[in-house]
1. Sort out which residues of segment 91-110 are surrounded by fewer than 16 Cβ atoms within 10 Å (Cβ to Cβ) and at pLDDT 85 or above, and write them in order of number.
2. What number of residues within segment 139-159 satisfy the criterion of being over 15 Å from Thr246 (Cβ atoms), in contact (Cβ under 8 Å) with a residue 24 or more places away in the chain and surrounded by fewer than 20 Cβ atoms within 10 Å (Cβ to Cβ)?
3. Please find, within segment 154-199, the residue that is farthest from Val65 (Cα to Cα) out of those that are under 13 Å from the mean Cα position of the chain (by Cα) and of a type in the set (Lys, Arg).
4. Give the residues of segment 229-247 that are in contact with a Cys (Cβ under 6 Å, 6 or more places away or on another chain) and open to solvent by 10 Å² or more (accessible area, probe 1.4 Å), sorted by residue number.
5. Among Asn219, Asn226, which is in contact with a strand residue (DSSP E or B) (Cβ under 8 Å, 6 or more places away or on another chain), open to solvent by 40 Å² or more (accessible area, probe 1.4 Å) and either polar (S, T, N, Q) or modelled with pLDDT under 95 (or both)?
6. Within the set of pairs 6+ apart or on separate chains, which have a first residue in segment 214-233 that is in contact (Cβ under 8 Å) with a residue 12 or more places away in the chain and under 22 Å from Met126 (Cβ atoms), a second that is open to solvent by less than 10 Å² (accessible area, probe 1.4 Å) and assigned to a loop (DSSP other than H, G, I, E, B), and C-beta atoms under 8 Å apart?
7. So in segment 160-209, with the set limited to residues that are of a type in the set (D, E, K, R), under 17 Å from Ile220 (Cβ atoms) and outside any strand (DSSP E or B), which one is most open to solvent (accessible area, probe 1.4 Å)?
Amino acid sequence: MFKKLAGIIIVAALCMFLFNPGVEVAGTFTPSSVDKIQVISNNLNLRTGAGTNHQIITTLHRGDVMEVLGKINGWYVVKLANDTVGCVIDDYVKPYVAQKPGVTNPAPKPTTPATGNGSTVNASAMQAEMLGYINEARAQAGLHALKLDAKLCEGATLKSQDMAANNYFSHQSPTYGSPFEMMRSLGISYRYAGENIAKHMSVKSAHEGFMNSPGHRANILNKNFNKVGLGFVKQGNYLYVTQWFTD
């Protein structure tokens, strides 16, 4: 749950680069029958190899889900949502089975939801306004303009609708999974991709919040991105904003 604090910008940014340098994993690699695992301890170290003598890459937390690439003895070789590869001991994880959303098609075309569950308001005008802010910032940084992409806009709107309807604010959707899983389910291909989300009062204030945050600003000014999708959903006094970027 997030707190609705007046005057405080609530934003989050995420970016993935599929050509990150690989992390060396030492040991005898074997296939695994498990596709995904979930952390069941409060904290779990992701290491560069199968053993506690290997360097810690990052610390995972209860509920985190990872893709399984294989096993090395009692360790899983895993890949995170940002394509980081490493090893976790199998004592503190369990096989993960995603809950199926209660719809036949997990990625329907966006529709205007009923009042009270969040509604799309002046979407085209808001998209034009936000795109102007984005490309003005990129021009000031000497970067090429982004093109508004219809399919990315569809996905970004779905994400904003999902956050409003299900009362959450996170890159990880209880309905669609990570932004990158959601993009793939919509048939969106990419080499580079990123997501910015915000819960704010207006398009302009959301953009100002993005530009004042290093992570969001980095996505907006990323030279590898060529296309953007923008999704806006109004819930009460708040505007859920989703920006999707791809190359």
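The values are calculated or read from the model by the stated rules, or taken from the named source; none is laboratory data. Quick caveat, the model's predicted, so the values are computed rather than measured. Glycine also receives a Cβ, built like all others from the backbone with ideal geometry; neighbour counts cover every protein chain displayed. The area values use the complete protein model at the heavy-atom level, side chains included, leaving out ligands, DNA and RNA. Shrake-Rupley method; radii C 1.70, N 1.55, O 1.52, S 1.80 Å.
1. Asp91, Lys94, Pro95
2. 2
3. Residue satisfying both the conditions and the ranking: Lys159.
4. none
5. Going through Asn219, Asn226 in turn, the sole match is Asn226.
6. Asn219/Phe225; Phe225/Leu146; Asn226/Leu146; Lys227/Leu146; Val228/Leu146; Val233/Gly118
7. Checking each candidate, the answer is Lys204.
This table checks each residue for (1) at pLDDT below 90; (2) open to solvent by less than 30 Å² (accessible area, probe 1.4 Å).
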site	(1), (2)
Pro31	yes, no
Ile40	no, no
Leu44	no, yes
Gln55	yes, no
Val68	yes, yes
Lys71	yes, no
Gly86	yes, yes
